[in-house]
Amino acid sequence: LYTSGSTGRPKGTLIGHDAYLNTILGAGEALGLGPDDRTLAMASPSFDVSLSDFGLPLAFGAALCPVPYPVLSAPSRFRAFLTEMKISVADITPTYLRLFDGADLPSLRALVTGGEAPFAADVRAYAGRLRYFNAYGPTENAITSTMGILSPDPAAVPTAGRPLPN
């Protein structure tokens, strides 16, 4: 995989199949992913998260629903896409999620954000309605290293969670 790292210049990172498999199995178990789920694929194939987008539904028998670019580029169309496609599990960056301004996402049962700290307003809006996970992990560590469920309690500090198995 290629990552910009802290320098902003792409560098190649070798990821072993075992590390990738551990990430997919650990994240899928944490999410309770199964054949009744419909997952979102919105990350660019050049971004490491796309491997989770594709690997999770394939490993757990869920449906994979790729987001067309015209939908991705319009947040109001994206919200409608989530509902129309009955997406139940989505991994969205906090910055993109912020564009929804706390709007209802009725089909979702699990939301994952990562890559940056979640916004407090979104934690308050979504953590009480669904299972809202914060994920963290450098590319060098096979995409996701930790996941944790966020609390809607405004006094709670957002957590990077606990390490995934193995």
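The values are calculated or read from the model by the stated rules, or taken from the named source; none is laboratory data. Here the structure is a predicted model, which is why all the values come from computation and not from measurement. Here the Cβ is made from the backbone with ideal geometry for all residues, glycine too, and neighbour counts use every protein chain on show. Ligands, DNA and RNA are stripped out before the accessible areas are found, and what is left, the full protein with its side chains, is counted by its heavy atoms. Shrake-Rupley method; radii C 1.70, N 1.55, O 1.52, S 1.80 Å.
A few remarks follow.
- Label separation (ALA59 vs ASN166): 0.8 nm, computed from points 7 Å beyond Cα along the C-beta direction.
- Mean accessible surface per residue for the range 83-166, computed with a 1.4 Å probe while every protein chain stays in place, in Å²: 49 Å²
- Applied to the range 89-102, the Karplus parametrisation 6.51 cos²θ - 1.76 cosθ + 1.60 on θ = phi - 60° returns per-residue 3J(HN,Hα) values of 9, 9, 10, 10, 5, x, 5, 5, 4, 4, 5, 7, 6, x Hz, with x for Gly and Pro.
- Amide H to amide H distances under 5 Å link VAL112 with ALA90, ASP91, ILE92, PHE133, where only residues 5 or more positions off or on other chains count and H is placed in the peptide plane.
- Relative contact order [Cα under 8 Å, 6+ residues apart], the chain, whole percent: 20 percent
- All alpha carbon pair distances within the range 1-69 were sorted into 10 Å bins beginning at 0; the resulting P(r) in whole percents reads 20, 45, 29, 6, 0.
- Applying 1/(1 + (r/R0)^6) with R0 = 45 Å to the Cβ-Cβ distance of ARG129 and THR13 gives a FRET efficiency near 0.80.
- Cα centroids of the range 77-107 and the range 11-69: 17 Å apart.
- Correct choice for percent of Cα pairs over 21 Å apart that was computed from the model, options (1) 45; (2) 60; (3) 52: (1)
- Beta bridges assigned by DSSP with both partners in the chain are antiparallel in approximately 40 percent of cases.
- Each label was represented as a point 7 Å from its Cα along the Cα-to-Cβ direction; for ALA155 and PHE119 these points are 2.6 nm apart.
- Contour minus Cα-Cα distance for LEU99 and ALA80 (0.36 nm per residue): 5.5 nm
- Chain lengthening between LEU72 and ASP36 when straightened (0.36 nm per residue, less Cα-Cα): 10.6 nm
- Ligands, DNA and RNA left out, the 1.4 Å accessible surface of the range 10-166 is 60% carbon and sulfur atoms.
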